[in-house]
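Notes for the one structure printed next.
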């Protein structure tokens, strides 16, 4: 089997991180892929190539500022060629990025990533946390004295917070709230009954 | 608008994979698919835009083989003790239960353990897709996602690069 490094684009090897996976003639590991191997670690891969692998990206052409022309907000020496759709800053060809259907500067992309649900990187799932805190301590039930109030607090605190991107209902919150309330009620009844028993013993003595 | 109303719509494209406390799944959204790694109280999202995906890499995993070796090592003393007990040294019931438990673990591992690793390649990163662990799952995922990727990349007008045939060997002595 002869490798064809010059004919096909190579992909960085995900295992050794040093070599390049080069496509080879022959079938790969799945039905409709081609074989490839890392030139450094010799690991064999099946490759499913897609059109973007062969596409050549157009490099942004940056022009220098001449006389009174508008300059990029981030690069004084570069000529401005566009305006950020969010903040209105002048941008050069390097800084204007097509993002979420608009032309944005890096700062606005960062702001949008924090605010936009479609771009958020992680979320706290208070519902799962509260449900776990009500169910798992049941295995060693005295722990519920501490965990039930915490779980109820999480239900109240997390109810209005943005939750999972995948779940569209709140049954975990409701169930966790009910279980936590039941556990707290159980402890209240238990403690009251203990006081009652102590009073009865004292009255008998 | 409330936070719930602004949630983007996602459809699950691959089932859960992982342990008791953490698991991963794949979801298809508008113009992208997303790998979700969830633990108790937190979800982490990795998005891969269909127009950016250059290739998928698939390679065999040794997890299943290692699991079988571990099971075989665990079974060895059990089988030895079982043979000794059955020769009249004592009651073999306990060791039979032990051997059956190991067998169940081995079969469960063979059916569920990872046999493949899949990576998604874009221009800036190569990331493992954790839920894709068996050939059937991978083929199902590719059958669903590949047409969407090719549709998203239709504007590129470049066919997927394929390896060219091997050149004819030349005789150095000639």
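Values in this text are rule-based calculations from the coordinates and carry no lab data. Model, not experiment: these values are computed from the prediction. Cβ placement follows ideal geometry from the backbone for every residue including glycine, while neighbour counts extend to all protein chains displayed.
Rounded to the nearest 500 deg cm²/dmol, what is the calculated helix-only ellipticity per residue at 222 nm for chain A, with -39500 (n - 2.57) per DSSP H run of length n ≥ 4?
Values: 5 runs with 73 residues, N = 205.
When only DSSP H runs of four or more count, the value is -11500 deg cm²/dmol.
Cβ-to-Cβ counts within 10 Å put B:23, B:32 in ascending order as B:23, B:32, the fewest first. Taking a point 7 Å from the Cα of residue B:105 along the Cα-to-Cβ direction, the residues of region B:57-74 with backbone N closer than 13 Å to it are B:67-74. Note on residue B:154 and residue A:59: their simple-model spin labels are 3.2 nm apart, each label 7 Å out from Cα toward Cβ.
Less than 17 Å from a label point 7 Å out along the Cα-to-Cβ axis of residue B:9: which backbone N atoms in region A:137-177 qualify, by residue? It comes to A:165-169, nothing else. Which log10 I(q)/I(0) values, to two decimals, does the protein assembly as shown give at q = 0.07, 0.10, 0.12 Å⁻¹ under the Debye formula with one point per Cα? After summing over all Cα pairs, the log10 values are -0.55, -0.93, -1.12.
Subtracting the Cα-Cα distance of residue A:12 and residue A:150 from 0.36 nm times their residue separation leaves 45.0 nm of extension gain.
State the dimensionless ratio Rg/Rh of chain A (Rg: radius of gyration of Cα atoms; Rh: Kirkwood radius). Before the final figure, lay out the partial values.
On the way: Rg = 30.8 Å, Rh = 24.1 Å.
Computed over Cα atoms, the ratio is 1.28.
A Förster distance of 22 Å, applied to the separation of the beta-carbon atoms of residue A:201 and residue A:141, puts the FRET efficiency at 0.30.
Multiplying the sequence separation of residue A:193 and residue A:107 by 0.36 nm and subtracting their Cα-Cα distance, what value in nm do you get?
Details: separation 86, 0.36 × 86 = 30.96 nm, distance 6.11 nm.
This chain segment gains 24.8 nm when fully extended.
Between residue A:100 and residue A:87, the contour length at 0.36 nm per residue exceeds the alpha carbon distance by 3.2 nm.
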